[in-house]
Amino acid sequence: MSAPRKLVLASGNPGKIREFQQLLGSGWRLIAQSALGVLPIAETGTSFCANALLKARHASAVTRLPALADDSGIEVDALNGAPGVYSARYAGADVLDAANNEKLLAELAGVPAAQRTARYRCCLVFVRDAEDESPLFAEGVWEGRIAESCRGTEGFGYDPVFIDIESGKHAASMEPAEKNRRSHRQAALRRLQEMLSKLD
């Protein structure tokens, strides 16, 4: 049995690291960039994929390892797609998830359930090295709607206010395995795994 391949994840977010390792399985040894002394790079892109590419190239340049980066967030139709690429800093820089959720609920106060449609969107980028001229891109979406209050203790980010359109459950009330089956990251990762398998 071959040893797992090393892959640096361009994130220091513990929730993302746990989720990605579960999704990737035993074929990869995922190492958080923070464990290798890589500082985050400014996310100056205007799309999820642009930000993910910036992060992947930066992590690979510093560590000289293949890198995986994601940029993801939530798009709310009643807010014309906001928070979008600003999801992590919707309520300001370096705020807790709870502050972002509170701001989102406040922005949607009075909006009826039928108009609270939203989706999580994820863009994954894999680079073999920092100068990779053919990075791999994969996107996934998870359709749902925004609840009127927080519920659940699992997950992270906007999971307490995001309701899965199929099951009617808050994402933060789902078991990790159930969430992974439905999530935008799983959808993106399935596409990426298909691409990676063709590189072997």
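Read-outs throughout are calculated quantities, based only on the coordinates presented, and are distinct from any laboratory measurement. Keep in mind it's a predicted model, so treat the numbers as computed, not measured. Using ideal geometry, Cβ is built from the backbone for each residue, glycine included, and neighbour counts are taken over all protein chains shown.
Please determine, by comparing only the residues of the range 180-195 that are more than 11 Å from Ala138 (Cα to Cα) and out of contact with any helix residue (DSSP H, G or I) (no Cβ under 6 Å at 6 or more places or on another chain), which one is surrounded by the most Cβ atoms within 10 Å (Cβ to Cβ).
Here the residue is Ser183.
Conditions first: (1) part of a helix (DSSP H, G or I); (2) within 17 Å of Glu19 (Cβ to Cβ). Glu194 passes all but one, so which condition is the exception?
(2)
Are there strands (runs of 3 or more DSSP E) fully within the range 92-170 with at least 1 residues that are out of contact with any Gly (no Cβ under 9 Å at 6 or more places or on another chain) and under 30 Å from Arg64 (Cα atoms)? List them.
Hits in the range 92-170: 117-127, 136-146.
Might you check whether a residue that is under 24 Å from Arg182 (Cβ atoms), touching a residue at least 60 places away in the same chain (Cβ under 8 Å) and of a type in the set (Val, Ile, Thr) occurs anywhere in the range 114-124?
No; the residues of the range 114-124 include none that is under 24 Å from Arg182 (Cβ atoms), touching a residue at least 60 places away in the same chain (Cβ under 8 Å) and of a type in the set (Val, Ile, Thr).
Suppose we keep only residues that are hydrophobic (A, V, I, L, M, F, W, C) and under 22 Å from the mean Cα position of the chain (by Cα) within the range 102-123. Which one would you say is nearest to Gly155 (Cα to Cα)?
Cys122
Anything in the range 125-149 that is within 17 Å of Leu189 (Cα to Cα), in contact (Cβ under 8 Å) with a residue 60 or more places away in the chain and of a type in the set (A, V, I, L, M)? List them, or say none.
Result: Val125, Val127, Leu136.
In the range 112-127, is there at least one residue being out of contact with any strand residue (DSSP E or B) (no Cβ under 8 Å at 6 or more places or on another chain), of a type in the set (A, V, I, L, M, F, W, C) and surrounded by fewer than 19 Cβ atoms within 10 Å (Cβ to Cβ)?
yes
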